[in-house]
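See structure below.
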Amino acid sequence: MQPRNLLTLLGTLTLLATQAVVAQPAYPSRPIKVIVPYAAGGGTDTAARAMSQKLGELLGQPVIVENKPGASTQAGTAYVAKAAPDGYTLLMGTANLATNVPLFARLPYNAQQDLAPVSLVTRVPVYVFANAKSSVKSIADLIAQSKSTAGGLSYATAGNGSIPHLAGELFKAESKSHLEHIPYKGSAEAATAVIGGQVPVSFDNLPPMQAHVKSGAVVPLAIAMPARSSLLPNTPTLKELGYPMEAYSWWGILAPHGTPAPVVERLNKEIQKVLQTPKIREVLLQQGIEPVGSTPAEFAAHIRQETAKWTQVVTSAGIKPE
């Protein structure tokens, strides 16, 4: 090919590439869906809806929350994993992205290969709660009574394989206490069991127990975080008591794998702004939900770390899905 013809061809290709880029509409050019893998009304749904309106304002397009519950979040997660990687279908991912790996032999997605982390958005610490009328007044009481009770001391959680359940098993291993897990169908049932005295203690997040703490029906014994919470500043950390474990539920935004980097970067940028909005922070913090925020790389590392941590707990405790 003659040099002049080669230059002409290169010029044409460059022009076509430029025109193709120009022809692409700026992101976003239409509404965005955020898939919540739980039914409406729960903590994940509440956090997603609290953030969606402000995120939509910043992006200039509506952000619509859509609930797709089922199979321990697998249904909603698989839906997003198989969606077009264009930034218009997002997932409000949960700690199940980590815990489902050791709990289920087969999943309809691979969280670390089929999804693109955008940002960790919130975390919800796990607490140890006790019936206010029970004889368990402290973590020391809990451990002592677990060892002196035939069959061990029962503890309630919102379900088998949940983060509170895994937190209970991790505490059991660290404290060498004799605890027996009693799973319930959700936090409401677990709270009712503790308040009614059927089970003396529970491991759970604060949001579903907050009203019962305020009424005095249950007492928070400890929080499974490195630092105390401003919501319950008098509640010690398990670390203070000699058990440096950390356990919390968490939520974050993910996109299908292959979503263009500029789209992920734009979403991350606006999500950080949402999480710094005073009104949004107030709404979340009042419910015991801590705004966090992260880079995509930090969120990816977080998922890997959580998967490794809870895989060890699930394997050691021999936990099986219901």
What distance in nm lies between label points placed 7 Å from Cα along the C-beta direction at residue 58 and residue 282? 1.9 nm
May I ask you to give the solvent-accessible area per residue for the stretch 222-307, in square angstrom, as obtained with a 1.4 angstrom probe? 46 Å²
I need the calculated FRET efficiency for the pair residue 178 and residue 320, taking r as the beta carbon distance and R₀ as 25 Å, to the nearest 0.05. 0.75
Residue among 128, 148, 53 farthest towards the positive dipole end of the stretch 13-157, charges placed on Cβ: 148
For the stretch 124-133, in order, what is each residue's ³J(HN,Hα) by Karplus, 6.51 cos²θ - 1.76 cosθ + 1.60 with θ = phi - 60°, in whole Hz (x at glycine and Pro)? 10, x, 8, 10, 9, 10, 9, 4, 4, 9
Determine the sum of side-chain charges near residue 117: Lys and Arg each +1, Asp and Glu each -1, restricted to other residues whose C-beta is under 14 angstrom from that of residue 117. -3
Calculating Kirkwood radius over Cα pairs in Å from this structure picks out, from [x] 22.2; [y] 19.9; [z] 21.2, entry [z]
What does a probe at residue 144 reach in the stretch 201-245, counting residues whose amide N is under 20 Å from the point 7 Å along Cα→Cβ? 201-202, 219-223, 236-243
Antiparallel bridges, percent of DSSP beta bridges restricted to the chain (to nearest 5): 60 percent
Gaussian network model of the chain, Cα within-10 Å springs - most flexible of 130, 167, 50: 50
Within the accessible area of the chain, what % is carbon and sulfur when the probe is 1.4 Å and the other protein chains stay in place? 56 percent
Within the under-15-Å Cβ sphere about residue 246, not counting residue 246, Lys/Arg +1 and Asp/Glu -1 give a net charge of -1
Highest-MSF residue in the chain out of 111, 132, 188 [GNM, Cα springs under 10 Å]: 188
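Which whole-number percent gives the relative contact order of the stretch 128-276, counting Cα pairs below 8 Å spaced six or more residues apart? Don't skip to the answer; put the middle values down first.
On the way: 223 pairs, mean separation 38.0, N = 149.
Over the stretch 128-276, the number comes to 25 percent.
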The chain - charge dipole about Cα centre, Lys and Arg +1 at Cβ, Asp and Glu -1, debye rounded to 20: 220 debye
Out of residues 5 or more away from residue 116 or on other chains, whose amide H comes under 5 Å of its own, with H placed 1.01 Å from N in the peptide plane? 255, 257
12 Å beta-carbon shell around residue 293, net charge (K/R +1, D/E -1): +1
Helix-only mean residue ellipticity at 222 nm, the chain, DSSP H runs n ≥ 4 weighted -39,500 (n - 2.57), per residue, nearest 500. What is it? -13500 deg cm²/dmol
Order by protection proxy (mean Cβ within 10 Å, highest first), peptides 137-145, 275-283: 137-145, 275-283
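The values are calculated or read from the model by the stated rules, or taken from the named source; none is laboratory data. On a predicted model such as this, the values are computed, not experimentally measured, just so you know. Glycine also receives a Cβ, built like all others from the backbone with ideal geometry; neighbour counts cover every protein chain displayed. Heads up: the accessible areas ignore ligands, DNA and RNA and are worked out on the full protein's heavy atoms, side chains in. Shrake-Rupley method; radii C 1.70, N 1.55, O 1.52, S 1.80 Å.
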